[in-house]
Amino acid sequence: MNYSDKLNQVENSNDDTDSQAQTLGQPLSDFLLQLEDYTPTVPDAVTAHFLHSSGFEPKDPRLLRLISIAAQKFISDIANDALQHCKMRSSNSSSSHSSSRSKGSKDRRYCLTMEDLTPALAEFGITIKKPHYYV
Amino acid sequence: MEQQQNMYRKMLTVAISSILIETGFDTVDKDVLGTLTEMLQCFLCEIGSVSKNYCELSGRIEPVIADVILGFVEMGVDFSGLQQYVKGNKHTVLPPLQPQQPQKQMNMLQAGTKQSLPNHIPQHLPSFPDPHAYIRTPTHKQPVIDYEAIREKYAVQKKDMEKALTKFLCRTNPTHNLFDNEEANIFPLIACKPTFPPYLSALLPQDQIFDPEDLEYDPKSQIQNQPARKRIRSESKHSDTKMQTDDEDENQEGLNKGGEKESLNWEIDNPYLAATKLPSKGND
């Protein structure tokens, strides 16, 4: 029973992934319809300029918005990862130094530095090495 | 062209800043901001390039959503969470750019109409600046350096000056009338101040002034020793200064006094017409 249940579960999961793979385009095309009333943070004209420089000129302006949202999410994911790193550091330092002091209010102001960004980008497969100063 | 690119990059930087604020960061390093801007620009260019390639691969010119999806897949971007991402947070929309108009301010300082471009200059080139910026108009006539004109000018000025001076003296000094009636004073004559005795200057000719003390009538010392306001005081002082000249007889002193008295008679109380007074060192 358990074995057959497990098999069923595996088959079901496989079916799910197949169905997901086949209908991958549909959610996005539905999504396009919803895009008309949503304005991404990156302005359309700016996205259009950079896409034009690569030769990508869509007739449908919703494609522009789709790409700008994808780019926005890309940056947002990296920022979230960096925020996790930053919070880990601040929690480590605060727990090691003094936990009684109310450092929480001061640490609420997070600063994104290269120290936090580098490991966050490394998880995405992007290695960054920037010199600290230029001579 | 570079300025346009800088502008677009600046807009990207602003968008990234707003995304970071949404994430929870308050400040960010300059390096990090530059890095993220570069990454975003590369992402956009890359997805555009890849989608375009897929589009052309399938024999089309205009990209479709499928090309974009394939582009995402090739780049390894997970777009399954896009819908959730959009619905989840309320993302800030950047305010539209205000078009800067510095040109308007410059036009306010416009003085005169700009000249049109001449025929040999194409029209797409910028127009001329305001005419006062490059056209020199002399504000006054060139002076006349003609010898005759200058001589004539000088003569006219001299004549006018003499006329004015004589008129002034007529107004201020005692005058004689040509006619008997006092009313019609059309031709006033400046009264002559006779010295007593009249032939004294003829008897004592003076070509040069060697010793100021020998002078009977020294205009400078008279002016210095006379305060403008009090007449009586000036008379006494004047007599005092004249006492210092030991060479003179009493007669001459009396003569001087008499002569000076007449001159003192016409002394003016008006401070504007009185002689200039040196700053007082002592009681004088």
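Annotation note: of A:Ser68, A:Ser53, the sole residue that is touching a helix residue (DSSP H, G or I) at 6+ places or on another chain (Cβ under 8 Å), without any contact (Cβ under 8 Å) to a residue 12 or more places away in the chain and assigned to a helix (DSSP H, G or I) is A:Ser53.
Given the condition outside any helix (DSSP H, G or I), at pLDDT 85 or above and under 38 Å from the mean Cα position of the chain (by Cα), answer yes or no: does some residue in the stretch B:146-163 qualify? The answer is yes, given that some residue of the stretch B:146-163 is outside any helix (DSSP H, G or I), at pLDDT 85 or above and under 38 Å from the mean Cα position of the chain (by Cα). Against the conditions (1) over 24 Å from B:Leu33 (Cα atoms); (2) touching a Gly at 6+ places or on another chain (Cβ under 8 Å), A:Lys59 satisfies every one except (2). Check A:Arg65 against each of (1) more than 9 Å from every other protein chain (Cβ to nearest Cβ); (2) farther than 25 Å from B:Arg60 by Cβ; (3) modelled with pLDDT of 85 or more and name the one condition it does not meet. Unmet for A:Arg65, out of (1) more than 9 Å from every other protein chain (Cβ to nearest Cβ); (2) farther than 25 Å from B:Arg60 by Cβ; (3) modelled with pLDDT of 85 or more: (2). The residues in the stretch A:34-44 that are in a helix (DSSP H, G or I) and touching a helix residue (DSSP H, G or I) at 6+ places or on another chain (Cβ under 8 Å) can be counted, and the count is 4.
Applying the condition of being surrounded by 10 or more Cβ atoms within 10 Å (Cβ to Cβ) and either more than 52 Å from the chain's Cα centre (by Cα) or at pLDDT below 70 (or both) to the stretch B:185-211 and asking which residue is nearest to B:Lys163 (Cα to Cα) yields B:Thr195. Residues in the stretch B:23-61 that are touching a Cys at 6+ places or on another chain (Cβ under 8 Å) and assigned to a loop (DSSP other than H, G, I, E, B): B:Asp29, B:Ile61. Across the stretch B:40-90, the number of residues qualifying as of a type in the set (Ser, Thr, Tyr) and within 7 Å of chain A (Cβ to nearest Cβ) comes to 3.
The values are calculated or read from the model by the stated rules, or taken from the named source; none is laboratory data. Just so it is clear, the structure is predicted and the values come from calculations on it, not from any experiment. When we count neighbours, we look across all protein chains shown, and the Cβ atoms used for this are built from the backbone with ideal geometry, even at glycine.
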